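The values are calculated or read from the model by the stated rules, or taken from the named source; none is laboratory data. What you see is a predicted model, and the numbers here were worked out from it, not measured in a lab. Because the Cβ atoms are built from the backbone with ideal geometry, glycine has one as well, and the counts that use them run over all protein chains shown.
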Amino acid sequence: MRTVLAILLCAAPLAGAQAPAAPAVPATPANPTAQSMCGECGVVRTIRAIKKEERPTAADNTKPSGLVATIPFGKGAGAPTLGSSTKEGGKDSVTVFTRWEVVVRLDDGRFRVVMLDEEPELREGDKVRIDEGRVVLRGS
């Protein structure tokens, strides 16, 4: 047991003395397999809008929802209506959320999918960099 412990103690300093990893080499026509200096750089492959409809939750019939009367005024106004606050107040309307899915093929061959809440000002084929969950154009 002591022999094993002595060997481990002698080998521990050698494990920390390994050579540092070589820096990434930029890809060139002469060396196309070299990794890019930018680990999160690539080309936009696809941009797709994804729409999701969110319907309101069903009203709980055990709790009163309130009574609403709508009385239109003015020339050509419709008839007055009377009903539940959930229906008359517009809570039965469907809310549509739109997000954008951007697929980027990174320079090292991997793919990244980034979901954005706002429509990106990008087109397929743009050279981009992924920075903290955002897709930004990069200099040529």
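Select, from P56, P64, the only residue that is assigned to a loop (DSSP other than H, G, I, E, B), farther than 30 Å from F111 by Cα and at pLDDT 65 or above.
Numbers: P64 fails: at pLDDT 65 or above.
None of the other options fit; the residue is P56.
For the structure I just gave you, tell me whether S84 is under 39 Å from the mean Cα position of the chain (by Cα), surrounded by 12 or more Cβ atoms within 10 Å (Cβ to Cβ), at pLDDT below 75 and not assigned by TED's automatic domain parsing to the domain that holds M115.
Working: under 39 Å from the mean Cα position of the chain (by Cα): yes; surrounded by 12 or more Cβ atoms within 10 Å (Cβ to Cβ): yes; at pLDDT below 75: yes; not assigned by TED's automatic domain parsing to the domain that holds M115: yes.
Yes, satisfied.
Cβ-Cβ below 8 Å, separation at least six or inter-chain, first residue in region 97-125 and at positive phi, second outside any loop (DSSP other than H, G, I, E, B): which pairs?
Listed pairs, sorted by first residue: G125/V43; G125/V44.
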